[in-house]
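To start, the structure itself, in structure tokens.
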Amino acid sequence: MNICLNTQLSFPYKFAVKSASTGAGKYITMANSVRIAAAQMTSVNNLAVNFDTCSRLVKEAASAGAKLLCFPENFSFVGDLQGESLKIAEPLDGPIMKGYCSLARESNIWLSLGGFQEKGSDDAHLRNTHVLIDDNGNIRSTYSKMHLFDVDVPGGAVYKESSFTEAGKDIVVVDSPFGRLGVTVCYDLRFPELYQQLRFNHDAQVLLVPAAFTTVTGQAHWEILLRARAIETQCYVIAAAQAGKHNEKRESYGNTLIIDPWGTIVGRLPDRSSTGITVADIDFSLIDSVRAKMPVSKHRKPAEFWNRSV
């Protein structure tokens, strides 16, 4: 195991927004900084093996003082064969997610579980769901992946995520001790308008991007896209990644990253393919400073400017 310490356009989405808070009359008080961690792992087609790996990483993160640990997309399962993910898909109150809720509660840590195979509206579909669990083991919020990976990867495989996955329709922001979180999954990263919505319309401070990028697309685009999202939104970006060879047919790029609002990488594992965590501090004064010195939110043109007749 490895531990590593360490001009805007706006075309608004016409989706509902789910905002999770601490409940009526309750407010979260934040310190000037708070420690978080991001995990890197190689999930396989064995729920128990993956849970054991996650358990070890949770213990490492808690020992390092992290109050939030972010896991990658498909943390609990990566199938070998077509249809395997559908067979293991469960509702959020099923035994798989209950196990992770218990893990969060026992370790007194928040968990970002990006890309859980949640049972869909019929047997032929699931939801690719990002689940946020608080340190009491309660599900604080969920987000269903909005942009589905239907792509012919150059020099790689052909993917058709929409053939078995229901696309989400809600933008999700969550108030937490780690700031206001904007919740996304993997392929969403290529659609900057979503992140601009999270930042400029819904006041996100930290963007969560759990992923399982292919080796081809990861090598070409992963880091540059993440740094671009951080810079243009002036948010921290936490990008937990799947890494390495899952089976004979599937391999993920890895390179888990934590990036600050200036676009500087503040957390990265020394080996982009290894299993482990990287740890960094969310500095709220840095967010405020970057936004005050370069006030892009004030300089952005409103939607009406772009929608006017030429």
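Ranked by solvent-accessible area (1.4 Å probe, protein heavy atoms only, all chains present), the residues 203, 150, 123 order from largest to smallest as 123, 203, 150. Beta bridges from DSSP with both residues in the chain: antiparallel share about 60 percent, rounded to the nearest 5. Take region 152-310 with all the other protein chains still there, run a 1.4 Å probe, and you get 42 Å² of accessible area per residue.
What translational D, rounded to a whole number of µm²/s, comes out for region 33-296 from Stokes-Einstein when the hydrodynamic radius is the Kirkwood one over Cα pairs, at 4 °C and 1.567 mPa s?
On the way: Rh = 18.0 Å.
The estimated diffusion coefficient comes to 72 µm²/s.
Taking only the Cα atoms of region 125-249, the ratio Rg/Rh comes out at 0.97, with Rh defined as the Kirkwood radius. Computed over neighbours whose Cβ is under 10 Å from that of residue 66, the net charge equals 0, Lys and Arg +1, Asp and Glu -1.
Kirkwood Rh, region 41-158, all Cα pairs: how many Å? If you can, show how the numbers build up before the last one.
Working: mean 1/r = 0.0673 Å⁻¹.
Its Kirkwood hydrodynamic radius stands at 14.9 Å.
The amide H of residue 204, built 1.01 Å from its N in the peptide plane, has 199 as neighbours under 5 Å, considering only residues 5 or more places off or on other chains. Summarising the amide proton neighbourhood of residue 116: residues at separation of 5 or more, or on other chains, whose placed amide H is nearer than 5 Å comprise 74, 129, 130, 131. Phi angles of region 209-220 translate, via the Karplus equation with coefficients 6.51, -1.76, 1.60 and θ = phi - 60°, into HN-Hα couplings of 9, x, 8, 9, 5, 5, 5, 5, 6, x, 4, 7 Hz per residue; Gly and Pro are given as x. For region 33-296, the relative contact order is 21 percent, taking Cα pairs closer than 8 Å that sit 6 or more residues apart in sequence and dividing their mean separation by the residue count. Around the amide H of residue 176, modelled in the peptide plane, lie the amide H atoms of 181, all under 5 Å away and 5 or more residues distant in sequence or on another chain.
Converting phi to 3J(HN,Hα) with the Karplus coefficients 6.51, -1.76 and 1.60 and the offset θ = phi - 60°, region 233-238 yields 9, 6, 10, 5, 10, 10 Hz in sequence order, with x at every glycine or proline. The phi-based Karplus calculation (6.51 cos²θ - 1.76 cosθ + 1.60; θ = phi - 60°) puts the 3J(HN,Hα) values of region 289-295 at 5, 4, 5, 6, 7, 10, x Hz, whole numbers, x for Gly and Pro.
Just list whichever of 98/249; 160/249; 87/245; 59/169 have alpha carbons separated by over 25 Å in the model shown. Beyond 25 Å between Cα atoms: 98/249; 59/169. You can think of it this way: the chain between residue 285 and residue 297 has 2.6 nm of extra reach, that is 0.36 nm per residue less the Cα-Cα gap. Extension gain for residue 124-residue 203 works out to 24.8 nm (0.36 nm per residue, less the C-alpha to C-alpha distance).
Calculate the FRET efficiency for residue 249 and residue 93 from the Cβ-Cβ distance with a Förster distance of 35 Å, rounded to the nearest 0.05.
Details: r = 32 Å, r/R0 = 0.91.
That gives a FRET efficiency of 0.65.
The values are calculated or read from the model by the stated rules, or taken from the named source; none is laboratory data. Note that the coordinates shown come from a computational prediction; the quantities given were computed from them, not determined experimentally. Here the Cβ is made from the backbone with ideal geometry for all residues, glycine too, and neighbour counts use every protein chain on show. All accessible areas refer to the heavy atoms of the entire protein, side chains included, with ligands and DNA or RNA removed. Shrake-Rupley method; radii C 1.70, N 1.55, O 1.52, S 1.80 Å.
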